[in-house]
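The values are calculated or read from the model by the stated rules, or taken from the named source; none is laboratory data. Just so we're clear, the structure is a prediction, and the values are computed from it rather than from any experiment. Note: ideal-geometry Cβ built from the backbone for every residue, glycine included; neighbour counts use all protein chains shown.
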Amino acid sequence: MNETLKSISERYSCRDFEDTPLTKEQINAVVTSALASPSAVNRQPWQVIVITDKALIDELDERAMNVLALAEDKSGYERIKARGGKIFYNAPCMVLVASDGSNYASMDCGILSQNVSLAAHSLGLGSVICGMAGIPFGADGADELKKKLKFPEGYNFGIAVLLGKAKSSKPPHEHDLSKVTYL
């Protein structure tokens, strides 16, 4: 099996990170992989925001947990509390992808997040693609938060990928062959 296929098959969603910061080389490799992502008509409808400031990641985590705590349905809040109470699992790095919202932007940002995740795995890092990072952007103070994170004008949360050295490992999810139809 070649290295690309091996990375794809071995990668899993890491939800348990060490405090160890990423190196500049690791961050540069991940960013290069993000920017190599294809997009419809090469529009590149994203702005990649790399957050390594742990206090800022913790602030985003706290904002998201506060929103979940106030939700009528407490299942998301309870699930995160059972996993240690951190939406961002103590990750030392977040690659936040802001989107211009154009026609294929959600798909393009998804492709970018997969590139980041696979690049991280190939570097021996854990990762998890995290849509829940968008929670603070749907609550009070979202405009202030977007300004603080230097979102370009008119951009909104697209997706995020949490990165870091995994504290533990687990096998990748089982393949469900019932999800495939051959014609």
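The set of residues in the range 29-44 that are loosely packed, with under 14 Cβ neighbours inside 10 Å and within 14 Å of Leu123 (Cα to Cα) contains only Thr32. For first residues located in the range 30-42 and touching a residue at least 12 places away in the same chain (Cβ under 8 Å), partners that are assigned to a loop (DSSP other than H, G, I, E, B) and lie 6+ apart or on another chain with Cβ distances below 6 Å form the pairs Ala40/Tyr104. Restricting the range 119-141 to residues that are more than 21 Å from Lys86 (Cβ to Cβ) and free of Cβ contacts under 8 Å to residues at least 60 places away in the same chain leaves a set whose member that is nearest to the chain's Cα centre (by Cα) is Gly124.
Tallying residues that are loosely packed, with under 13 Cβ neighbours inside 10 Å, assigned to a helix (DSSP H, G or I) and either in contact with a Lys or Arg (Cβ under 6 Å, 6 or more places away or on another chain) or in contact (Cβ under 8 Å) with a residue 12 or more places away in the chain (or both) within the range 73-91 yields 0. What are the residues in the range 148-182 that are modelled with pLDDT of 95 or more and closer than 20 Å to Asn90 by Cα, if any? Across the range 148-182, the qualifying residues are Leu149, Ile159, Ala160, Val161, Leu162, Leu163, Gly164, Lys165, Ala166.
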